[in-house]
Amino acid sequence: MRVPPEGLGFKHLQAIGLVIAGMVIGAALFLSIYNARLNMMIEQNRELLTENSRLEGDVANLRKTKNQQTTINLLNVYIDPDEHTEIDKVTESELQRRVHAQLKPVVVGRKISEFAAMPDVYEQILKEKPLLGVLDKDYLVLSVRWIVLTQSELKVWVTVKEWKRIPVSMAGG
């Protein structure tokens, strides 16, 4: 009886193993590139949706108050992170949306003369305001850096930092 040589089958196994390893590495590389592109597209989509909803609200307000030049018609919020806080674009757009939602009912539609008489009141609405649950993190509005009123548009720059809540332990008794 004849026995096949041992080296012949081993070389085929090595070749098959290398092909399979190459396929696995290629698939991992492809998925990492695909994941990076998908994350970028999701981030752009969120930014565009936020911008779209803000612009739709602005258009609705402008239609409602188009002949009233003595009222505040537009509100733009700009986020400035604290020097120890890094904020990505998605978080920044979510923070802008939340601050805009807090200020809009109070500011838009008000007379410019009312705002000019008491700008500190509007600043106090946001100062030291916690913004909880923004993409699994909490943020605190440290201060309102600038409030600029140009014609019927109010621009607000706020400084935010990441806020670490102190967990409250319940003492059982």
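The values are calculated or read from the model by the stated rules, or taken from the named source; none is laboratory data. The model shown is predicted, which means the values in this text are computed figures rather than measured ones. Counting neighbours? That spans all protein chains shown, and the Cβs are built from the backbone with ideal geometry, glycine included. Surface accessibility is based on the protein's heavy atoms, side chains included, excluding ligands, DNA and RNA. Shrake-Rupley method; radii C 1.70, N 1.55, O 1.52, S 1.80 Å.
For this structure, a couple of remarks:
- Helix 6-64 and the longest principal axis of the Cα set of the chain meet at an angle near 10°.
- Of the cross-linked pairs K64/K89; K89/K155; K104/K161; K89/K164, those separated by over 28 Å at the C-alpha level are K64/K89.
- Residue among D82, D136, D58 with the largest mean-square fluctuation in a Gaussian network model of the chain, springs linking Cα atoms under 10 Å: D136
- Cα-projected label distance for K127 with K104, points at 7 Å along beta-carbon direction, nm: 2.6 nm
- The amide H of L131, built 1.01 Å from its N in the peptide plane, has Y139, L140, V141 as neighbours under 5 Å, considering only residues 5 or more places off or on other chains.
- Cα gyration tensor shape of the range 26-83, rounded if a/c is under 1.5, else prolate or oblate by comparing a/b with b/c: oblate
- Adding -39500 (n - 2.57) for every DSSP H run of four residues or longer, then dividing by how many residues the chain holds, sets the calculated 222 nm ellipticity at -18500 deg cm²/dmol.
- When peptides 26-37, 42-53 are ranked by their average number of other Cβ atoms within 10 Å per residue, the highest-first order is 42-53, 26-37.
- Using the Cβ-Cβ distance between A15 and K155 with R0 set to 41 Å, the FRET efficiency works out to roughly 0.05.
- For the chain, the per residue solvent-accessible surface stands at 73 Å², with DNA, RNA and ligands left out and a 1.4 Å probe.
- Distances between placed amide hydrogens fall under 5 Å for T71 paired with I112, all partners being 5 or more residues away or on another chain.
- Apolar share of the accessible surface for the chain: 59 percent from carbon plus sulfur atoms, 1.4 Å probe.
- To the nearest ten degrees, helix 89-107 and the longest principal axis of the Cα atoms of the chain are 20 degrees apart.
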